[in-house]
Each structure stands twice: as structure tokens, then as C-alpha cells.
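The values are calculated or read from the model by the stated rules, or taken from the named source; none is laboratory data. Predicted model, so just to flag it, every value in this text is computed and none were measured. Neighbour counts are summed over all protein chains in view; Cβ atoms, including those assigned to glycine, are modelled from backbone coordinates with ideal geometry.
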Amino acid sequence: MTTSSTTVGAPEAGAPAGRARPGGRRNASTSTIDSKRQWWGWLYVTPFTIVFLLFLVVPLAYAFWMSLHNKGIATGGQSVFVGIDNYTRAFTDPIFLAGLARVAKFVVVMVPIQIGLALLCALVLDTLATRLSKASRLLIFVPYAVPAVIGALMWGFLYSPRFGPAGDIFGLFGLDAPDFLSSSAIFGSLVNIVTWQWVGYYMIILYSALRTIDPSVYEAARIDGASGPQIALRIKVPMVSSSMVMVLVFSLIGTLQFFTEPTVLRSVAQGAIPSDYTPNMYAYSLAFSYSQFNYASTIAFALGIFVFIGSYIFLFATRKQSGLK
Amino acid sequence: MATITRNTSSTASDARRPAGRAGGRRIGSHTFLLLMALYFVVPLWFLVVGSTKSNSGLFVGSGGALWFNSEFSLVDNVRGLFEHQGGIYWIWLRNSFVYAFAGGVGSTVLAVLAGYGLAKYRFKGRNAYFAVLLGSVMVPLTALTIPTFVLLSSLGLINTMWAVVLPSLLSPIGVYLVRVYSQDAIPDEMLDAGRVDGAGELRLFFRVALPLLRPAVVTVLLLATVFSWNNFFLPLAVLRDTDLLPVTVGLNQWQALSNAGAGGEQVWNLIVTGALVSIVPLIAAFLGLQKYWQGGLSLGAIK
């Protein structure tokens, strides 16, 4: 492009002596533009950076600081440095460990169900172009627009033996309705709520990824005699693997942070859901019912590390599929 | 024959397949989709039906749980929403709008600026910045709620609208989406051509970049708005005044009270009606804006 003569003498010329070549003068001129443009680059990211520092970095650092200190009547209301004492306590705390095991169990059960169902819906929708299929695509997605609190409230009504239709439906077959809110059934009931809420969203992501595949790819396979399910499994699924990874990470992070649904359902199933059902609920009740902010921060931070490491390992293991190097 | 095969290979191969099998599979697929749609819609149908019932009609009624009773109390229920506790429901709904709008628009503006800056400007530390950003997408935001609470309370912001709005301005995933989208959607040549013509950087942003980014902007805006609208943990932690609650926290309170409380506090009909009213705006927005978000939600997938 245009090499302006004014920058010939620029001392910090981009091309060092050893690399002197005809293009050297051009490098020199772009570097002055670059420095101005660098400034613009920072200008664009500054507003976000401020929010990022204030509401992510500072709370994170503060949580870490709090987790290394204790404060209470025993310490005379002063913050006292206690090292990793809180972490030792957390990782020997049966309540925290039980909560962690519980969300791990939710991950193992709920994530495959959600993603499997979403993928199945997306694959079926991808083969159809009827009005019915378009309508059902929207209907399956609608729960995403319903806040988790409202979803959980609603399912609470449906599960309830007083309001819900279960009694009538099971009565048709002469059966007694199961108690969805008993402690033995609550796990499945929660899985159902979350599945209901999120399958549509994951389905839309996978569906729009499927739509970007060039159909000629599977035309060729079809001519070679591949069946519908074969095409779906061998061609379509591998081609949307980056979206699969993204959806899995969303689902994984969301499940480990499980809070809203069990909290809302607690008021109808008090006996089945204790206030420390998940690590997040435990942290909340520690902080706001017992004012143990230091220990609550430890729990939150420990959970955060778990989620971070978990999703990092997952992304690392699937880096080939996701295209992240 | 030659004309048929030249048409499109798909019709040709479809024609070759035995019609019965393909037809059977289509019926199977449609049945599956219908069942799925039923599963996802029936709970909402319960809300629609429930909102027409009186408090006692929800327990015992001619219609059962999934059909209308002979009495129709929708109007009474909506009136009840205006009367119960001085119509606080509508204040909650307004608060939800304020939080969702401020959080959604604010975080989108920040995300679009930052994502564009990261994609199109080469500055020192850009790669490190992006790496940190990518890592922060995986930080569970709820883990930040308790320290954020302590921080806000030391700033004296607890129990104000700011306590909900300010933290929801943070959307690392939004920045990430915009940055990935800008990379391909805004050709560098176009920006350079604009610069040669003497356009300033701001002008380039508004005149060249922003129109090209529209699908990403709509998607991020929807995601961020839904996120703020759904927010539960944060307002639950940082708000005390009933007047400041969003509708999610408010309805949850009514439900907890109705479960624990005596007859006068049991307002099941208002909870059901309130829940229905509160989900209408967002569902309407999604249905109305279909063509904008349907493609956009897959943005995040890395090619």
C-alpha cells in the first residue's frame, strides 16, 4: 500500500538491520499506524475489561482471600489468616463431599440424557421439512424461554399429589400415582425438570449446525447404499462435533452449579431436599443462614475450581473434535 | 429418463427407494416429534388451564388438572394479582423488565465492543487477553455470587437495583461469540479500504462493522436478556426489599409462603396466573424474532 515518506527515518523501524529488505520501509510506516491502532484496540475492550475486573477478577480474588481467613466471635470479629484450614475442613466435610458426589451423579445421568435427546430431535428434524416438523421444533424450544424458577414451580404443581394430573392419569390404569416428591424419587424428578428446560436449546444449536452441512456429502453416501441411521451416526454426528462439545460444556457447567431447581422445589419437598442438597445450596445457606461467609467462600471457590478443572480436562480431551488447539 | 436423473440426485434416489419404507419412517419420525412436542408443551398447558381456576378450583374441579373447570376465573385471578399485597406482582414484573433490559443491553454493548476490538485490532497482549477470556467462560458465575455479595455490601450497594444490574453486565461468552463471529464476518480489506478513504475508527465501527455484526448482536442480546431475566441466585442473595425483587424471586416467595402458611396466605391461583403472565413476554419475543436467533445460536461452535 502507500508508503509515506515521512516515516523513513522512524527509529523503531519494524525491520531490524539483519532483515533489511525492500519491504522494510513499509513495515516502518505500518508500525506507527499500528501503535495508534493498538490504542484503539484497547479502547474497544476497556469498558468490558472494567466490568470483568470488578465483577469477575476481584470477587474471585476476594473469595480466595476470604477462604484463607476466618472471622467470627472466636477471633474477636477480626479476620485471621488460617492458611488452608478452610480447605482441609471443606474436603473432610461430609456435607460438602456428599453434595459434590450428588452433582457428579447428576452430571453422569442428566448430561447424557439431555444431549442424547437433543441430538435425536435435531437429527430427526434435519431429515424433515414439513410444517409439523417446523412447529414441533419451536414447541420443543419454548421451555428455554421459561425462567428456571417458573419451570420448577410449574413442575412442582404437576408433581404434587394435590394439584397434579398424575393421580388421574395413573388412575386410568387403576394404579396409584407414585410420589414424585419423595426422597427416593426426587432425583429423577429434578432430572426431568432440567431436561425439560434445556433440551430445546441444545437441540436448536445442534440443529443449526446440522443445517450448515452441505447435503451433497450424504447424497454420495446414500448412493453408496448407506441407510438413514448410518448417515446420521457416521457422517452427521462427526460433522457437528464442535457444536456437540460446546453443548456438553454448557450442560456440564450448568449441572455442577445446580441451585435454582432444587431450591424452588424445596418448599414443596422439604423432606426430600435438604438445604445443603448441592454445593451451591450449601454455600448459600452457610452464608445467609449461618453468616459463615469465609467458609461459604471456601465452598464456592472449591466448587469453582472443580468446575474449571472439569471443563478444562473435558475440552482438552475433546480438543480434536472441538477444533480448539 | 435422462431429464429425471439430471434434475437433482436426491429425487432420483428417493424415487428408487421403496416407498413403503420411507413412508413408514416419516410417520415414525413425525410421531416421535409429536410426542416430544407434547412433553415440552403439556406443562405450559397446565399453566394456561390453571390460570382460569380459582384457588380451590385448582384442587377440586370438574376438569381435572389438565382441563378447564366449569367456572372461569381468569379475570378474577388477574384482578387478584392487582390486589394481593397492593399489586406487588406488577412491581416485580417491572423490576424483571428493568433488570433484563439493563443487563441485556448493557452486557451486549460491552460484548460487541470488546469482541470487535479483539477480532480486528492487533494490540499487545491481545492473545493473552483472549486466553484469559476463554478461561473465564468456564468460571461458574454462581461461585462469584457470595463474594460479589460481600463486595457490594462493602460498597453499600446491597439491596439496590445496582446490585443486580452491575454484575449482570458481565458476559464473557458474549465477547467470545462476537469475537468469533467478527473474525469472518468483517473482512479486513473492507476496514482497510475505509481507512484509505479517510474514515475514522469509530465511523468504521458504526458504518461497516455493526451492520455486518447484526446476527451476532441479536443473538448475544437474546442470550444476555434471557440470562438476566432468569437470574435467581444473585437477586436472592443481594436483595432484601420485597419492592426490588424480580418476578422469579417474588413468585418463589409466594410459593414458599403458600406451602408453609395458613389459609389466607395460600394464593395458588395467583402463583399460577402470575407464572403464566410472566412467561408470555419472553415467549412472544422468541417467536417473533425467530429468523434472527435460529441461525445465531450455533455461532459459538468453532469451525
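Looking for something out of contact with any strand residue (DSSP E or B) (no Cβ under 9 Å at 6 or more places or on another chain), among the β-branched types (V, I, T), outside any helix (DSSP H, G or I) and facing chain B (nearest Cβ under 10 Å) - is there at least one such residue anywhere in the stretch A:236-249?
Step one: filter the stretch A:236-249 for residues out of contact with any strand residue (DSSP E or B) (no Cβ under 9 Å at 6 or more places or on another chain), giving A:236-249.
Subset that is among the β-branched types (V, I, T): A:237, A:240, A:245, A:247, A:249.
Next, only the ones that are outside any helix (DSSP H, G or I) stay: A:240.
Subset that is facing chain B (nearest Cβ under 10 Å): A:240.
Scanning the stretch A:236-249 turns up at least one residue that is out of contact with any strand residue (DSSP E or B) (no Cβ under 9 Å at 6 or more places or on another chain), among the β-branched types (V, I, T), outside any helix (DSSP H, G or I) and facing chain B (nearest Cβ under 10 Å).
For the stretch A:188-208, which residues satisfy the criterion of being over 20 Å from B:L33 (Cβ atoms) and surrounded by 14 or more Cβ atoms within 10 Å (Cβ to Cβ)?
To start, the set of residues in the stretch A:188-208 that are over 20 Å from B:L33 (Cβ atoms) comprises A:188-191, A:193-194.
Matches in the stretch A:188-208: A:S189, A:L190, A:V191, A:I193, A:V194.
Among residues belonging to the stretch A:154-187 that are farther than 22 Å from A:G271 by Cα and among the small types (G, A, S), point out the one that is surrounded by the most Cβ atoms within 10 Å (Cβ to Cβ).
Ranking the qualifying residues of the stretch A:154-187, first place goes to A:G171.
If I filter the stretch B:217-259 down to residues being hydrophobic (A, V, I, L, M, F, W, C) and outside any helix (DSSP H, G or I), which single residue comes out as surrounded by the most Cβ atoms within 10 Å (Cβ to Cβ)?
Filtering the stretch B:217-259 down to residues hydrophobic (A, V, I, L, M, F, W, C) leaves B:217-218, B:220-224, B:226-227, B:229, B:232-234, B:236-239, B:244-245, B:247, B:249, B:251, B:254, B:256-257.
Subsequent filtering for residues that are outside any helix (DSSP H, G or I) retains B:232, B:239, B:245.
Working: B:F232: 21, B:L239: 20, B:L245: 23.
By that ranking, first place goes to B:L245.
Filter the stretch A:297-315 down to residues that are more than 7 Å from chain B (Cβ to nearest Cβ) and surrounded by fewer than 23 Cβ atoms within 10 Å (Cβ to Cβ), then give me how many there are. Spell out how you get there, then give the answer.
First pass over the stretch A:297-315, keeping only residues more than 7 Å from chain B (Cβ to nearest Cβ): A:298-299, A:302, A:305-306, A:309-310, A:313-315.
Then drop every residue that is not surrounded by fewer than 23 Cβ atoms within 10 Å (Cβ to Cβ), which leaves A:302, A:305-306, A:309-310, A:313-315.
Here the count works out to 8.
Can you tell me which residue is modelled with the lowest pLDDT among those in the stretch B:119-154 that are under 23 Å from A:V247 (Cβ atoms) and among the β-branched types (V, I, T)?
B:T142
Inside the stretch A:250-325, counting only helices (runs of 4 or more DSSP H) that do not spill past its ends, which hold 2 or more residues that are under 22 Å from B:N259 (Cα atoms)? Outline the logic, then answer.
Values: elements: A:260-265, A:279-288, A:293-317, A:319-322.
In the stretch A:250-325, A:260-265, A:279-288 are the helices (runs of 4 or more DSSP H) which contain 2 or more residues that are under 22 Å from B:N259 (Cα atoms).
Do we find a residue being among the aromatic types (F, W, Y) and at pLDDT 90 or above anywhere in the stretch B:161-170? Steps first, answer last, please.
Restricting attention to the stretch B:161-170, the residues satisfying the condition of being among the aromatic types (F, W, Y) are B:162.
Cutting the leftovers down to at pLDDT 90 or above gives us B:162.
Yes - at least one qualifying residue is present in the stretch B:161-170.
Give me a count of the residues in the stretch B:135-179 that are touching a Pro at 6+ places or on another chain (Cβ under 8 Å) and within 16 Å of B:T225 (Cα to Cα).
1
Answer yes or no as to whether B:I158 is more than 27 Å from B:R214 (Cα to Cα) and not in a loop (DSSP other than H, G, I, E, B). Break it down into steps so the answer makes sense when it comes.
Numbers: more than 27 Å from B:R214 (Cα to Cα): yes; not in a loop (DSSP other than H, G, I, E, B): no.
When the stated conditions are applied, B:I158 does not pass them.
Among the candidates A:S35, A:S67, A:S5, which residue alone is farther than 30 Å from B:A193 by Cβ, of a type in the set (S, T, Y) and either surrounded by 17 or more Cβ atoms within 10 Å (Cβ to Cβ) or at pLDDT below 90 (or both)?
A:S67
When B:G103 is evaluated against the numbered criteria (1) at pLDDT 85 or above; (2) under 30 Å from A:G167 (Cβ atoms); (3) small (G, A, S), which criterion, by number, is the only one it fails?
Result: B:G103 passes all but (2).
Pick from B:L118, B:L141, B:L74, B:L133: which is surrounded by 21 or more Cβ atoms within 10 Å (Cβ to Cβ) and either more than 11 Å from every other protein chain (Cβ to nearest Cβ) or under 18 Å from the mean Cα position of the chain (by Cα) (or both)? Let's see the steps before the verdict.
Details: B:L118 fails: either more than 11 Å from every other protein chain (Cβ to nearest Cβ) or under 18 Å from the mean Cα position of the chain (by Cα) (or both); B:L74 fails: surrounded by 21 or more Cβ atoms within 10 Å (Cβ to Cβ); B:L133 fails: either more than 11 Å from every other protein chain (Cβ to nearest Cβ) or under 18 Å from the mean Cα position of the chain (by Cα) (or both).
Matching residue, one of B:L118, B:L141, B:L74, B:L133: B:L141.
Could you look through the stretch A:209-263, keep only residues that are touching a Gly at 6+ places or on another chain (Cβ under 7 Å) and over 30 Å from A:S285 (Cα atoms), and pick out the one that is surrounded by the most Cβ atoms within 10 Å (Cβ to Cβ)?
A:M246
What helices (runs of 4 or more DSSP H) completely inside the stretch A:80-159 contain at least 2 residues that are aliphatic (A, V, I, L, M), in the same structural domain as A:G304 (by TED's automatic domain parsing) and at negative phi? Write out each step before concluding.
Working: elements: A:85-90, A:94-127, A:131-141, A:148-159.
Result: A:94-127, A:131-141, A:148-159.
Evaluate the stretch A:118-136: report whether one residue or more is buried (at least 23 other Cβ atoms within 10 Å of the Cβ), modelled with pLDDT of 90 or more and more than 11 Å from chain B (Cβ to nearest Cβ).
Yes - at least one qualifying residue is present in the stretch A:118-136.
It is to be established whether one or more residues within the stretch A:82-102 are surrounded by 14 or more Cβ atoms within 10 Å (Cβ to Cβ), farther than 13 Å from A:I299 by Cα and in contact (Cβ under 8 Å) with a residue 24 or more places away in the chain. Even if it seems obvious, please write down each step before you answer.
As a first pass, look at the stretch A:82-102 and keep what is surrounded by 14 or more Cβ atoms within 10 Å (Cβ to Cβ): A:82, A:85-87, A:89-90, A:93, A:95-96, A:98-100, A:102.
Add one more test, that the residue is farther than 13 Å from A:I299 by Cα, and what stays is A:82, A:102.
The next check asks that each one be in contact (Cβ under 8 Å) with a residue 24 or more places away in the chain; those that pass are A:102.
Scanning the stretch A:82-102, I find at least one residue that is surrounded by 14 or more Cβ atoms within 10 Å (Cβ to Cβ), farther than 13 Å from A:I299 by Cα and in contact (Cβ under 8 Å) with a residue 24 or more places away in the chain, so the answer is yes.
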